[in-house]
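**Q** One structure, as structure tokens, below. Some questions next.
What follows is calculated from the coordinates using simple rules that are stated; it is not laboratory data. Since the structure is predicted, the reported quantities are computational estimates derived from the model, not experimental observations. Because the Cβ atoms are built from the backbone with ideal geometry, glycine has one as well, and the counts that use them run over all protein chains shown.
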Amino acid sequence: MTLRLGDTAPDFEQESSQGTLRFYDFLGDNWGILFSHPADYTPVCTTELGYTAKLQDEFTRRGVKAIALSVDDVESHQGWISDINETQHTTVNFPIIADQNRKVSTLYDFIHPNASETVTVRSLVIIDPHKKVRLIITYPASTGRNFNEVLRVIDSLQLTDNYKVATPANWEQGQDVVIVPSIKDEAELKQRFPKGYTAVKPYLRLTPQPDKT
């Protein structure tokens, strides 16, 4: 199965470090981040899971739940979590799925045969409250994931879902955004963007971030 942007994220029931877990029930009405790891006790992933735990307040503020996946069993996960807590000076506060049978990995296209026929690649999927896939990033094994970028994308998605805007290159919270080209009526522009806008080109119009005072 190939998973693409806009697809409905597959539901599943699987064992995890926090017990049996049904994915949709776990997410509820929240946004979700599901990210895969090739195995337990891997060095780069140890740092990633530790950093994710440290971001708990940032995720909670955005209404996001994180959940990880590795192809090892629950007992192995528990030992790895102990190592993560010790070495990364944090407490892992989200579940790690035990995907020994590769069920979830197959549903989410986390196994790339040309990279490895047996273990998952290091992918990350953002899922919105309607259970739609909104972002897919796949990293090489040698490169740790940038969770600051993940937060930036979530901020962009949540902003652009609520306003007729898009976010430009390297956008950060509080910076100007782009008015979508489909809005052409001047009265609608004034109504939607009372702070005004700058037309760099007819198709490139910048306006202050609309949800900031």
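**Q** Please report, in debye to the nearest 20, how large the charge dipole of the range 1-136 is about its Cα centre when each Lys and Arg carries +1 at its beta carbon and each Asp and Glu carries -1 there. Don't skip to the answer; put the middle values down first.
**A** Details: 12 positive and 19 negative charges, 117 e Å.
Dipole size: approximately 560 debye.
**Q** For Lys212, list the lysines whose Cα falls under 21 Å from its own Cα; do not include residues on the same chain fewer than 8 positions away.
**A** Lys164, Lys190, Lys195
**Q** At 7 Å along Cα-to-Cβ for each site, give me the label-to-label distance between Glu186 and Thr106 in nm.
**A** Calculated label separation equals 6.1 nm.
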